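Undergrad: One structure, as C-alpha cells, below. Some questions next.
The values are calculated or read from the model by the stated rules, or taken from the named source; none is laboratory data. Fair warning: this is a prediction, and the values are worked out from it, not measured in the lab. Methodologically, a virtual Cβ is constructed for each residue, glycine included, from the backbone with ideal geometry; neighbour enumeration extends over all protein chains shown. Each accessible area value is taken on the protein alone, full model and side chains, heavy atoms only, with ligands, DNA and RNA left out. Shrake-Rupley method; radii C 1.70, N 1.55, O 1.52, S 1.80 Å.
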Amino acid sequence: MGVLAGAIVALLVALLGRVAGFDRDRAFYSTLLIVVASYYVLFAAIGGSAHALVVEGAVMGVFTAAALAAFRWRPWIAAAGLVGHGVFDLVVHGHLVANPGMPAWWPPFCAAFDLVAGAFLGGLLIYAREPYLRDS
C-alpha cells in the first residue's frame, strides 16, 4: 500500500506543479528533493535518537548539495537526485542507520514517491521545450 500511495502522491504533486505552473521555476524540483530528504531528519528528531539525527542530517546535506547544483547548473541533477534518493530508501537506508521515529511504511512510500517524481522530471527534461528547464 505504501508503494502505491507514494506513486500516486508523486504523480499528483508533479501534475499539480505542471498545471499550476509551479515547475516553471527551476527551484520546484530542487526544493522537492530537499524536502524529501528532510523527512528522515524529522523522524530522527521524533525518535529522539542523536545518532540517527547526525546520520540523517549528513545524508540530507548530500541531497541538499545535489539540489543546489541542480538549481544552479543542471536540472538533470534533481531528477538523478530524486531517483537516487528512491534507491537510497530501498537499498541503503536500512543498513546505514536505525531511525526509531521512522514509520515502517515510510521507506517504500518515499521510494515510490522519489522514483515517480524523478521519472516525471526526467520526462519533462526530455520532452518539454520550456527554456527554464534547460541547463544554465
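Undergrad: Given bins 5 angstrom wide, list per bin the percent of all Cα-Cα distances in the chain, short to long.
TA: 2, 12, 20, 23, 18, 13, 7, 3, 1, 0
Undergrad: Follow-up. Based on the alpha-carbon gyration tensor of segment 1-72 and its eigenvalue square roots a ≥ b ≥ c, which shape applies: rounded if a/c is under 1.5, prolate if not and a/b is larger than b/c, or oblate? Walk me through the numbers on the way to the answer.
TA: Details: a/c = 3.24, a/b = 1.44, b/c = 2.25.
Taking the square roots of the gyration eigenvalues as a ≥ b ≥ c, segment 1-72 is oblate.
Undergrad: Could you report the chain's accessible area per residue, 1.4 Å probe, as an integer in Å²?
TA: 52 Å²
Undergrad: Which one, Tyr127, Ala78, Gly47, is farthest towards the positive end of the dipole of the chain when Lys and Arg carry +1 and Asp and Glu -1 on their Cβ?
TA: So the residue furthest toward the plus end is Tyr127.
Undergrad: If you build a Gaussian network model of the chain, linking Cα atoms that sit under 10 Å apart, which residue out of Leu124, Leu96, Leu33 swings the most?
TA: The residue that fluctuates most here is Leu96.
Undergrad: I've got another one for you. Based on DSSP H runs of at least 4 residues, each adding -39500 (n - 2.57), what is the mean residue ellipticity at 222 nm of the chain after dividing by all its residues, to the nearest 500 deg cm²/dmol?
TA: Here the helix-only value at 222 nm equals -25000 deg cm²/dmol.
Undergrad: Let me ask something additional. Cut-off 10 angstrom, C-alpha nodes, Gaussian network model of the chain. Which of His95, His85, His51 fluctuates the most?
TA: Looking only at His95, His85, His51, the biggest GNM fluctuation is shown by His95.
Undergrad: For the chain, which span is the longest to avoid every loop-located (per DSSP) member of trypsin sites (Lys or Arg not before Pro) having at most 16 other Cβ atoms inside 10 Å?
TA: On the way: sites that count: Arg129, Arg134.
Counting at most 16 other Cβ atoms within 10 Å as exposed, the longest clean stretch of the chain is 1-128.
Undergrad: Over segment 1-125, what is the relative contact order in whole percent, taking alpha-carbon pairs under 8 Å and six or more residues apart?
TA: Computed over segment 1-125, the figure is 40 percent.
Undergrad: Are there chymotrypsin sites (Phe, Trp or Tyr not before Pro) in segment 1-73 that DSSP marks as loop and that have at most 15 other Cβ atoms within 10 Å, and which are they?
TA: In loop regions of segment 1-73 (DSSP not H, G, I, E or B), the sparsely surrounded chymotrypsin sites (Phe, Trp or Tyr not before Pro) are Trp73.
Undergrad: Can you tell me which of Ala98, Ala44, Ala78 moves the most in a GNM of the chain? Springs connect C-alpha atoms under 10 Å apart.
TA: Checking each option, the largest mean-square fluctuation is seen for Ala98.
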